[in-house]
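The values are calculated or read from the model by the stated rules, or taken from the named source; none is laboratory data. Fair warning: this is a prediction, and the values are worked out from it, not measured in the lab. We place every Cβ from the backbone using ideal geometry, glycine too, and count neighbours over all the protein chains shown. Surface accessibility is based on the protein's heavy atoms, side chains included, excluding ligands, DNA and RNA. Shrake-Rupley method; radii C 1.70, N 1.55, O 1.52, S 1.80 Å.
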Amino acid sequence: MSFLKKLLGQDNLSPEEKEEKKQTEIQLMEKYFGKSTGFFNKLNLSLYRTTIQYFEDFVINTDEEALSAILAEYDTHDTAEDIKGMLIATSQRLVFVTNNLEHGKITEIFEYHKISRLALAPDELGQKEFLIYYGDARKKFDDILNDDHFKNFLQIVRKKIQEARANKTSSQF
C-alpha cells in the first residue's frame, strides 16, 4: 500500500466500506460546515476533524444536537494571540472548542438564556467580529467569514436565544 493511500486513510477498504466512509464524511461536513461538499469544506473537515471528534466525544450531551458551526478566533485577552477553534451552536448551548494541538484545551460554554445580546462588527476584508454579551462579560470572536453559512449560523443562534428566553419566562409563572 502506498504512503499516500495510508495518509488519506484509504487502506484496503471494500467498495461498501469506502461508500460508507464517504457518506459519513459528507454528513459531518454538512453538519458542521454547511451543505456544500466543495474543496474548502473538505479542507476544513480535514483541518478540524480532531476538534469535532473531541467535541462529539467529550463535550456534547447525549440529548443535545449540533446544529451549525463556524470557524473563529477567540480573543480571550489573556494571551497575545487569538485562539483558533470552532464556535458550535447546539440545541442547548453555544460552545467554543479550540483546534489543532490544543483541541479541547479551551472549551467555553455559553448557555443561551444567559446571553444578553449579540453584535457584529467589521473585521478584515469580507470578515466579521462576533460579539457575545454574556452576563457582565463581552466575548469576542473574529476572523469569521461573512458568508451565507455564517448568516445561517447567526439565525440559528438568535432563534435558540429567543426560545431559551421564552422558556425561562414561561417557567417563572
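So how strong a dipole does the chain carry about its Cα centre when Lys and Arg Cβ are +1 and Asp and Glu Cβ are -1, to the nearest 20 debye? Kindly include the intermediate steps, with their values, before the conclusion.
Details: 24 positive and 29 negative charges, 90 e Å.
I would put it at about 440 debye.
Ordered by residue, what ³J(HN,Hα) values in Hz, to whole numbers, does the range 124-131 give under the Karplus form 6.51 cos²θ - 1.76 cosθ + 1.60, where θ = phi - 60° and Gly and Pro are x?
Once θ is set to phi - 60°, the couplings for the range 124-131 become 6, 3, x, 10, 10, 9, 10, 10 Hz.
Between Q162 and E64, what length in nm is gained on full extension when 0.36 nm per residue of separation is reduced by their alpha carbon distance? Show your work: numbers first, answer last.
On the way: separation 98, 0.36 × 98 = 35.28 nm, distance 1.77 nm.
Working it through step by step, the gained length comes to 33.5 nm.
At R0 = 25 Å, how high is the FRET efficiency between S14 and E56 if r is their beta carbon distance? Nearest 0.05 is fine.
Working: r = 26 Å, r/R0 = 1.02.
Once rounded, the FRET efficiency stands at 0.45.
Could you sort out which of K139/K160; K42/K114; K35/K128; K114/K140; K31/K168; K35/K168 sit more than 26 Å apart by Cα distance in this structure?
On the way: K139/K160 18 Å; K42/K114 34 Å; K35/K128 21 Å; K114/K140 16 Å; K31/K168 28 Å; K35/K168 33 Å.
From the list (K139/K160; K42/K114; K35/K128; K114/K140; K31/K168; K35/K168), the Cα-Cα distance tops 26 Å for K42/K114; K31/K168; K35/K168.
Projecting each Cα onto the charge dipole of the chain (Lys/Arg +1, Asp/Glu -1 at the beta carbon, about the Cα centre), which of I83, F110, L71 comes out farthest on the positive side?
The residue sitting farthest along the positive end of the dipole is F110.
How much accessible surface area, in Å² rounded to 10, belongs to the heavy atoms of D123 with a 1.4 Å probe?
50
Using a 1.4 Å probe on the protein heavy atoms only, what accessible surface does K84 show? Give it in Å² to the nearest 10.
Here the residue's solvent-accessible area equals roughly 100 Å².
If I stretch the segment between K42 and Q23 completely, what's the gain in nm (0.36 nm per residue apart, minus their alpha carbon distance), one decimal?
Details: separation 19, 0.36 × 19 = 6.84 nm, distance 1.28 nm.
5.6 nm is the gain from fully extending K42 to Q23.
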